[in-house]
Amino acid sequence: MDLTDLQGIMEQYRAFGPLPGILLALLETFFPVLPLIPIVMANAMAFGLWEGFFYSWIGVSLGQSLLFLLVRLLSHRLRDRMLRKYKDSGKFLKWIEEKGFTSVFILCAFPFSPSTTVAVVGGLTTISIRSFILATFAAKGVMVFILSYIGHDLPSWIEHPWKFGVVVALMIGLWYGGRWVEKRGKGKYAERAAL
C-alpha cells in the first residue's frame, strides 16, 4: 500500500468524521507494521493541513501514552525479565530515567523512532507519567506537524528550504519549554515533600 492508496482510503472514510484519521494514527503504536509517515501525510491530504495534523497528533500521542500506561501497570514483571535477558538494557533505562523529559522528547521527535519501543521502554522506567506524556505530546506535535506540512505542500518545501530552519527553531523552543515545565514541576514536588 502506498501513499496514494492510503489517501484514497482516507477520502472514502472522511464521511465518518475524524475517527479514521485518529484511529489509524493511534493503532500505529500498537501495530508497528502500519506505516506512520504515510498515515500522517494521508491525513493531511484527506482532511487538510490543520485537521489532518490535529487528528494524527492526537492519535499518535494517545496511542503512545496508552501503551506507556499499560506497560507501567505491568512493569514490575517486565523490567526484571528485560534486565535478565538484555544485560546492557539497564544503561539505557538509567539514561531515560536521568534525563526524563529530554530523553523522551528526543526519542519521540524523530519520525523513524518506533513509538512502540519508546512507550515500552518508558513504561519500564521510573520516569514520571506527567513527564512522559508531556514529552510525548510536545515531540509528537512537532514531528507530526512537519510530516503533515510536507505531505500537504511538498513542492513548497523543495522551493523554500528555509522552512527547515523554522522547524528546527520550533523543536528547540518546545524542548526548552518542556524542560522548564519539568523543572518547575520537580521544584513544586520537592516543596511539597519538604512540608
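Brief remarks on what is shown
- Applying the Karplus relation 6.51 cos²θ - 1.76 cosθ + 1.60 with θ = phi - 60° to the stretch 47-61 yields 3J(HN,Hα) values of 9, x, 4, 6, 5, x, 4, 4, 5, 5, 4, 4, x, 5, 5 Hz, where x marks Gly and Pro.
- Estimated at the nearest 10 Å², the accessible area of L23 is 80 Å² with a 1.4 Å probe.
- Beyond 27 Å in Cα-Cα separation lie the following of the pairs K85/K140; K94/K140; K99/K163: K85/K140; K99/K163.
- When all protein chains stay in place and ligands, DNA and RNA are ignored, the 1.4 Å accessible-area order of M143, M45, largest first, is M45, M143.
- Accessible area (Å², 1.4 Å probe, nearest 10) - R14: 100
The values are calculated or read from the model by the stated rules, or taken from the named source; none is laboratory data. Keep in mind it's a predicted model, so treat the numbers as computed, not measured. Areas reflect the complete protein model, heavy atoms only, side chains present, ligands, DNA and RNA absent. Shrake-Rupley method; radii C 1.70, N 1.55, O 1.52, S 1.80 Å.
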